[in-house]
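Below is one structure, written out as structure tokens, with a few remarks after it.
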């Protein structure tokens, strides 16, 4: 599966899936994966959803505890899976979970379907997150809004990003490189910035759907 771009944690999860399946003849549960990596099921669900989008994992039967399986990999199957999961104009887009616009929270939760229609550019890989918190309120991103995120791993100074911190919590902030560190800046004068040595960018905000 080396041709599929994976993060370090995603590779660890795939390796665990392979080892567990080889040893037990069935796939692990979310609880077993979470226990292996010392995180909660919400975090694992987010990683599994991303691996499913990349065509590395697939769900067999919903409603069962061992419904996720490894997908045999070849270049064509990965391209096909990516095309099926891409967000094209007029195709319903899944909200992958909540993103903290306040203190960081665990990454992704249970997906929720929403049809954003022509708001989604057909030449970009876009996903949606529902905002939790008001740290970006001065940028007109409020609690309960849905942000459209272009899937990217690089950002320019001043762009609003989905950032995964070293402790694997996730937050929505403006991104700035400073000497020796990265500043994640809220758009709320009552909140302080987050300073980190490194951060993983999961995407850049390109639009907001306002909650009324």
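None of the figures in this text is laboratory data; all of them are computed from the coordinates on show. The structure presented is a predicted model; accordingly, all values stated were derived computationally and were not measured. Positions of Cβ are generated from backbone atoms using ideal geometry, with glycine treated the same way; all protein chains shown enter the neighbour counts.
Taken over the stretch 144-170, the criterion of being closer than 18 Å to residue 184 by Cβ, in contact with a strand residue (DSSP E or B) (Cβ under 9 Å, 6 or more places away or on another chain) and assigned to a loop (DSSP other than H, G, I, E, B) is satisfied by 152, 153, 154, 155, 156, 157, 158, 159, 165, 166, 168.
Within the stretch 9-42, being without any contact (Cβ under 8 Å) to a residue 24 or more places away in the chain and buried (at least 17 other Cβ atoms within 10 Å of the Cβ) holds for 20, 33, 34.
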